[in-house]
Structures are given as C-alpha cells and as structure tokens.
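Taking it in order: structure first as structure tokens, then the write-up.
What follows is calculated from the coordinates using simple rules that are stated; it is not laboratory data. The model shown is predicted, which means the values in this text are computed figures rather than measured ones. Cβ sites come from the backbone with ideal geometry, for glycine too, and all protein chains shown count toward neighbours.
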Amino acid sequence: MTVHQPPGGQPLRSIDALVEAGLVASERREELQAVSERYAVSVTPAMAALIDPADAADPIARQFVPDAAELVTLPQELADPIGDDAHSPVEGVVHRYPDRALLKLVHACPVYCRFCFRREMVGPGGDALTGAKLDAALAYLASRPDIWEVIMTGGDPFILSARRVRGVARRLAAISHIKVARWHTRVPMVDPARITPDYAKALRIPGKASYIAIHANHPREFTDDAREAIARLADAGHVLLSQSVLLKGINADVETLSGLMRAFVENRVKPYYLHHPDLAPGTSHFRLSLEEGQALVKRLRGHLSGLCQPTYILDIPGGAGKIPVGPAFLSGCETPGAEAFAEDRHGERHLYPPA
Ligand SMILES: *Cc1c(COP(=O)(O)O)cnc(C)c1O
Ligand code: SF4
C-alpha cells in the first residue's frame, strides 16, 4: 500500500484540495463540486494519510471523500431522519427520553462523514452554542429534575478548546440532578493529536461519572496515534464506549466488523451501539437491509467474545426513538404454555420448556 502524505497540517475542505492531494481524480472535479455544494466536506490530515488513492474501494476514502451517488435522494430519505427538531425545547437541546437529553454544543466536525445522519444540520457554518444560548440550554437542563444524563454531541464537541469544554463541564457539575455526562466524538480517530492529557482532564465533570462514546467504523482507523489518544482518555478516568455505523462497502462483512469490535476492546473501549444507517438524504449507497444486518450481527455473536458484542440499533425514522433490532435467537415463546426454541451459535435449535 502506498502511504499518502497530504500537504500541510490543515484539513482538506474542498474538491480542489482533494484533487491537489491526489485523493480525487481531476476528471471527477465537476461532478463532485455539485456534491460539495450540497454537503460539507472535510478530511483531516490523519485520515487523508490513511487513504490509499490506488484503491478505488478504500474504506477510509468511502467514509470521507464525496461521491456522486450522494446526489441521489430517495423519497423515503429525510432531512431530519431521527426527528431531532420535534423534540427540541430550546436551541441546542434535544429531549426525547425523560431521563436524558442531548446538548449540542457545536454544528461543526473535524471530518464530514458522507453517511452522516445529521448531514443537513452539521457543517462549518452555524455558531457554537455560547453566551445567552448556552445559558438558556443549561437553564432548561437545570429546570428538569428528571434529566439524569446529559449527552454532548453536535457536531463534534471535541473540536472545542479545552477552556470551553472545561467551562461547560463546570457548569454541568453544578446541576445536582445530572449524575452522568456522556461525550460523543470522532476526534480520537480522525484528529488524535487534539487529545492531550490536559484535554482529557478538561472533559471530566467534577462529581459525576463521565462516559465518552468514540465513533469509528473500520479497524484501520486504529492508528498508533489514535490508540494513544484513546489511552489518554481512559487514563484520565473516563469510561469509554463505542459507536459505529454499519456501512455497505466499508464494514459490512464479518471480518471487518470483528476486527473493529476487537480493536475497540483491545483499546479499553466497550462496544456499545452498531447503528443501522439512518435514512439521511443521499446515503442509499451505504445502506443494507435490516435482514443483512441481522445476519452479520448473528455471526459476530457466534465467534467473538461477549465483550466484543455491540447492540444493533435502529433509530426509528421520524423521532420515535432507538430500538435494538436483533437478531433473535429465541422463537416460539410468543405462544403461552408452548415450548420455545433457542438457537445456538451453530444454528442448531434446542427446546426450552414452558414456565
Ligand atoms: C440517541 C439519543 C439519545 C441516547 O440514546 P441511548 O440509547 O441512551 O444511547 C438520547 N437522546 C436523543 C434525542 C437521541 O437521539
Ligand atoms: S462526526 Fe458525526 S456528526 Fe460529524 S459528520 Fe461524522 S457522523 Fe456526522
């Protein structure tokens, strides 16, 4: 594999920059220009360096380099696929479940994933939640004693400075009914140098448990730099969870998914969610069927440690929330008094007696 070194330390944020870096063929410039006018583009130096430009199916390139297929929007695809807007009581907060709320501190991300479920909302424009808007969002969280957990997402909150993050952490610490804080981020993989020991400390919420859900989709994202960044977060006392999206052409095969889940566990990250891709516009080329997803997850259950098992999740389109979507290993138990059939990892069925 030719390891590609992009010029400079800046993210590649335009088709021209991607062409110049050798990540897009110049004859594709025009068609991809149309994609970049519709959806934000950014590839960090760390991710650009991981792409093998000679490999047309490179799983890192597929995640970040625009594709003409994004211009195809299907009728069932939605601008707000998981219905955030319907559950936003105040700017920056999404409160769908009684015990937990999202606090969206920024709209921007270090990279723009081509399959992003919030692709109509995230981008380099838009202000971070600061000043009176942040005050109002925190006042809402403080006014709802049922809110036990606050989830910082966006955008990617880890693009904020250590000073900003520490400021938010201190203010959350002052709200007594909030017991748990969770950060969702892709920075440890895509821009690991940002995670300094000081940054890892700034993310602690005094007096609360802090969890960090790390988004990665392919084992190759676990570079030495990424592993070290993750270690700094673990060493600072955060509990680490994973988040991945099941993506056709990127990780939708047993070998890749196994490698990904093992890489998380080897780095002290407990697999949490494997998301079925949301119905975001222009992302149909990444979606497989729920049936195909279940078959893959079943095979993971069959040959990987229990530590490596994520929950396969569907966010019901429109805002009804997240549900686990299987696969099921038990059948027949719907009928009262009947035996159930339990399927083992070889596909053999065993009778289980009624209660
Ligand atoms: C995904 C999401 C959560 C977190 O759900 P968990 O199942 O607890 O990880 C919380 N609020 C909203 C609005 C969400 O979309
Ligand atoms: S990092 Fe998350 S929010 Fe940002 S573009 Fe990727 S999937 Fe979307």
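Across 10 Å bins from 0, what is the distribution of all Cα-Cα pair distances for the stretch 199-317, in whole percents?
Bins of 10 Å from zero give 13, 42, 30, 14, 1 percent of pairs.
Between S161 and F341, what is 0.36 nm times their sequence separation minus the Cα-Cα distance? Round to one decimal in nm.
Additional length available on full extension: 59.4 nm.
Quick check: pseudo-label points 7 Å beyond the Cα along Cα→Cβ at L71 and S88, how many nm apart are they?
Once both label points are built, they end up 2.9 nm from each other.
Taking only pairs that are 8 or more places apart or on different chains, how many Lys pairs in the chain have Cα atoms under 21 angstrom apart?
15
At 222 nm, what helix-only mean residue ellipticity would the chain give, in deg cm²/dmol to the nearest 500, using -39500 (n - 2.57) for each DSSP H run of four or more?
-8000 deg cm²/dmol
Of the DSSP beta bridges with both residues in the stretch 85-324, give the percent that are antiparallel, rounding to the nearest 5.
Here the share of antiparallel DSSP bridges comes out near 25 percent.
Take every DSSP beta bridge whose two residues both sit in the stretch 66-216, then give the antiparallel share in percent to the nearest 5.
Of the beta bridges lying entirely in the stretch 66-216, close to 20 percent run antiparallel.
Amide H of M152: which non-local residues (sequence gap of 5 or more, or other chain) have their own amide H closer than 5 Å, using H built in the peptide plane?
Under 5 Å from the amide H of M152: L103, R182, W183, H184.
D52 to A328: FRET efficiency via 1/(1 + (r/R0)^6), r the Cβ-Cβ distance, R0 41 Å, to the nearest 0.05?
Result of the calculation: an efficiency of 0.60.
How big is the dipole moment of the stretch 226-355 about its Cα centre under a simple scheme where the beta carbon of each Lys and Arg is +1, that of each Asp and Glu is -1, and everything else is neutral? Debye, nearest 20, please.
Taking the Cα centre of the stretch 226-355 as origin, the dipole is about 340 debye.
Using Cα-Cα distances under 8 Å and only pairs 6 or more residues apart, what relative contact order does the chain have, in percent?
About 15 percent, as a whole number.
Would the stretch 85-324 count as rounded, prolate or oblate if I go by the C-alpha gyration tensor, calling it rounded below 1.5 in a/c and otherwise prolate when a/b exceeds b/c, oblate otherwise?
Note, shape of the stretch 85-324 comes out prolate.
Please give the peptides 142-150, 67-75, 239-247 ranked by average Cβ packing (other Cβ atoms within 10 Å per residue), highest first, as a rough proxy for protection.
So the order, starting with the most tightly packed, is 239-247, 142-150, 67-75.
Given Cβ point charges of +1 (Lys, Arg) and -1 (Asp, Glu) and nothing else, what value in debye, to the nearest 20, does the dipole of the stretch 7-71 about its Cα centre take?
200 debye
Residue by residue through the stretch 12-20, which ³J(HN,Hα) values in whole Hz follow from phi under the Karplus form 6.51 cos²θ - 1.76 cosθ + 1.60 (θ = phi - 60°), with glycine and proline marked x?
8, 10, 9, 5, 4, 5, 5, 5, 4
Starting from the amide H of I178, placed 1.01 Å from N in the peptide plane, find each other amide H under 5 Å away whose residue is 5 or more places distant or on another chain.
Placed amide hydrogens put nothing under 5 Å from I178.
With r as the distance between the Cβ atoms of A34 and W148 and R0 = 56 Å, compute the FRET efficiency 1/(1 + (r/R0)^6) and round to 0.05.
0.80
With the cut-off at 1.5 for a/c, could you classify the stretch 307-355 from its C-alpha gyration tensor as rounded, prolate or oblate?
Verdict is oblate for the stretch 307-355.
In debye, nearest 20: dipole of the chain around its Cα centre with unit charges on the Cβ of K, R (+) and D, E (-)?
It comes to approximately 1460 debye.
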